[in-house]
Structures are given as structure tokens and as C-alpha cells.
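Q: Following this message is one structure expressed as C-alpha cells.
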Amino acid sequence: MIPRMRVESELRARMGSFAAVALLGRRQIGKTTLARGIADRAPGGVFWISGARPIVDGWTTLTPT
């Protein structure tokens with residue numbers, strides 16, 4: 001198991017370096033919980049792109065936060 005703080009700090013570092021960051025992994029391991037926690041504190045907000053959401057006209061739904 002990878003410690004959550006290490007994953008969170010790595011994700012924050014990459015968000016500061018890249019325009020887009022993907023968080024991928026197996027089901028039910030806390031990806032959404034981690035992403036929401038980081039997004040709540042992200043300056044300037046974030047856009048969610050979820051493969052679980054319905055596809056409209058060939059594009060996944062974007063949800064600004």
C-alpha cells in the first residue's frame with residue numbers, strides 16, 4: 001500500500017507542473033475521495049472529466065468545481 005500523504009503530495013506537485021493530471025487505479029481504492037479533497041483546496045478550481053459520466057456527442061461531461 002502506498003501512503004496517502006505521499007500520493008497526495010505527488011499529485012499536487014504534478015498539478016503545479018502540468019495542465020492536466022489523470023488519477024488512475026483500480027475500483028474502490030479512494031481515487032475520487034483523494035481528488036475531491038485536493039480539488040477543494042486547489043487555487044483556481046478544477047475541471048472533472050469522468051469516464052463514468054454519460055457521453056454527450058462523443059465527449060465526456062466536464063464539470064467545473
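Q: Please identify the trypsin sites (Lys or Arg not before Pro) of segment 1-49 that satisfy two criteria: DSSP loop assignment and at most 15 other Cβ atoms within 10 Å. Which are they?
A: ARG26, ARG27, ARG41
Q: Between ARG26 and ARG14, what length comes free when the chain is fully extended (0.36 nm per residue of separation minus the Cα-Cα distance, one decimal in nm)?
A: 2.3 nm
Q: Karplus couplings for segment 3-12 from phi (6.51 cos²θ - 1.76 cosθ + 1.60, θ = phi - 60°), rounded to Hz, Gly and Pro as x?
A: After applying 6.51 cos²θ - 1.76 cosθ + 1.60, I find x, 4, 4, 5, 5, 5, 5, 5, 5, 4 Hz.
Q: How much net charge surrounds LEU11 when only other residues with a Cβ under 11 Å from its Cβ are counted (Lys, Arg +1; Asp, Glu -1)?
A: So the environment of LEU11 carries a net charge of +3.
Every number here is computed from the coordinates shown, using simple stated rules; none is lab data. This is a predicted model, so every value here is computed, not measured. Here the Cβ is made from the backbone with ideal geometry for all residues, glycine too, and neighbour counts use every protein chain on show.
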